[in-house]
Amino acid sequence: MGYGRGAWVAGALLMFVFGSVEAQQVEQRTVADRVAERLALAEGSLIELRHDIHQHPEVSGQEERTAGVIAERLRALGFEVRSGVGGHGVVGVLRGAASGPTIAFRADMDAVPSNAPDPVDYRSLTPGVRHICGHDVHVAVGIGIAEGLAVVRDELAGTLMLVFQPAEERATGAKAMLADGVFGSIHPDAIYAVHTAPYPVGILGTAPGGMMAGRDVVQVTLRGSGDLAAAAGSVRHAIEAVGTIPPAQIAQPAPPGFILTQVFPNRTGDGGSLVVRAQVTTASTDARARGKTAILEGIGGLTFSDVSAETVYQDRMMAGVTNDADLVSRANRNIRAWLGGDAVVAVQGVPPAFSEDFGSFQDEVPGVMYFLGVSNPEKGTVGMPHSPNYVADDGAILVGAQAMSAVILDWLVEEVSEPEKSER
């Protein structure tokens with residue numbers, strides 16, 4: 001399968017560009033063939049787009065240039081475009097020729113602070129800021145979907161919605177877009193996303209249910225003339241006792257039912273109060289409920305001399321990712337039909353160290369996220385998000401666009417098939 005350029009794409013492209021094809025034969029090409037051909041032709045421009053965004057990274061809340069580039073590309077393809085959604089969010093809508101479901105794809109846009117050297121030729125031109133989580137790749141995949149489906153607009157029964165989200169790294173962007181009515185006038189039936197991961201290029205991974213952990217925050221403010229430090233120690237112990245895995249295992253995959261409690265250093269509040277703040281990381285609805293109940297009961301059962309405790313529990317500060325099982329099965333089937341039976345692997349366990357706010361969209365619309373492989377073993381590059389030496393191979397862009405186009409076309413085109421393989 002190489003790096004997303006299968007033999008079937010090369011064969012189809014040669015036939016399309018150089019072959020002597022009669023009009024009747026052109027009409028007989030499937031929608032899948034036409035989309036695949038367009039994606040192959042667009043790959044170079046998608047890589048250029050990714051490099052441009054990588055060279056001009058913008059942190060959460062400052063994605064103005066990135067949003068402008070995206071909006072311009074979408075308008076050129078005939079999309080209805082709404083900008084400034086929940087900050088610098090951009091929404092592109094492509095309506096098919098007939099009525100049908102609305103299917104959304106989300107791509108986040110923001111970069112992160114990083115002073116490590118950028119090890120690519122198209123290195124960041126903004127000091128201290130880099131795309132080391134792969135959001136530049138996500139944007140290119142989203143524009144790739146736009147390129148592919150725009151050429152078959154007249155064959156679509158339904159609507160494609162592309163959601164380009166700001167401020168994912170701050171875990172505020174999805175909520176801000178929802179509050180700004182991103183789904184107000186057009187409500188999707190399903191939503192999909194990809195996130196770069198250290199799999200080799202050509203491989204995608206997903207799992208039904210909890211795939212990325214969500215995070216709650218609990219804060220206890222202690223006041224009074226008694227021993228605040230001793231009271232804070234008791235609160236810390238009550239929170240830490242609820243965890244089912246130690247913080248030392250944060251870099252290792254955990255079962256979905258884990259509860260990870262991390263208590264931050266105490267800080268002084270107003271009027272000499274002492275504040276204990278902790279993060280509760282879970283990857284299932286049951287674990288989240290159990291953890292919250294146990295923590296609140298544990299703190300509530302403490303008694304202090306001349307000290308009062310005020311507890312605030314913030315649910316779902318970051319929503320995480322919880323995939324719809326039926327949609328996972330359906331999407332896997334279509335991706336494998338396009339890219340081969342080994343293109344999708346099952347994600348084993350949940351990485352507690354990483355999280356996402358895509359789940360805020362999934363609270364409103366059933367959806368699926370895929371880990372998109374961006375590592376290139378032959379070049380020795382590894383796409384581990386947020387690592388100093390992070391490198392995402394450009395070949396992942398076409399793979400991601402192919403995979404998500406397959407998933408979306410299954411909804412919007414009746415009896416869509418996989419692209420014709422050249423070896424047939």
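Structure above, values below:
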quantity: The chain - percent of accessible surface contributed by carbon and sulfur, probe 1.4 Å; calculated: 51
quantity: Spatial separation of Cα centroids for the stretch 280-319 and the stretch 344-407, in angstrom; calculated: 31
quantity: Accessible area of the chain divided out per residue, in Å², using a probe of 1.4 angstrom; calculated: 41
quantity: At 1.567 mPa s and 4 °C, Stokes D of the chain from Kirkwood alpha-carbon radius, µm² per second; calculated: 57
quantity: Dipole in debye (nearest 20) - the stretch 254-316, about Cα centre, beta carbon charges: Lys, Arg +1; Asp, Glu -1; calculated: 260
quantity: Calculated FRET efficiency for the pair Arg65/Asp154, C-beta based, R₀ 41 Å, to 0.05; calculated: 0.80
quantity: Positive minus negative residues near Gly269 (Lys, Arg vs Asp, Glu; Cβ under 15 Å); calculated: +1
quantity: Directionally averaged projected area (convex hull, Cα atoms, the stretch 203-361), nm²; calculated: 10.2
quantity: Gap separating the Cα centres of the stretch 172-242 and the stretch 134-155, nearest whole Å; calculated: 28
quantity: Positive-end extreme of charge dipole, the chain - chosen from Ala97, Val129, Thr159 (charges on Cβ); calculated: Val129
quantity: Largest-first ellipsoid semi-axes for the stretch 108-223, taking √(5λ) over the Cα gyration tensor eigenvalues, angstrom; calculated: 28, 24, 16
quantity: Nearest 10 degrees, 0 to 90: helix 64-76 Cα axis against the chain principal axis; calculated: 30
quantity: Sum of side-chain charges, Lys379 neighbourhood, beta-carbon under 12 Å (Lys, Arg +1; Asp, Glu -1); calculated: -3
quantity: Per residue convex hull volume, Cα atoms of the stretch 207-296, in Å³; calculated: 90
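The values are calculated or read from the model by the stated rules, or taken from the named source; none is laboratory data. Just so it is clear, the structure is predicted and the values come from calculations on it, not from any experiment. A quick note on method: Cβ atoms are made from the backbone with ideal geometry, for glycine too, and the neighbour counts reach across all protein chains shown. Keep in mind that these areas ignore ligands, DNA and RNA; they rest on the heavy atoms of the full protein, side chains included. Shrake-Rupley method; radii C 1.70, N 1.55, O 1.52, S 1.80 Å.
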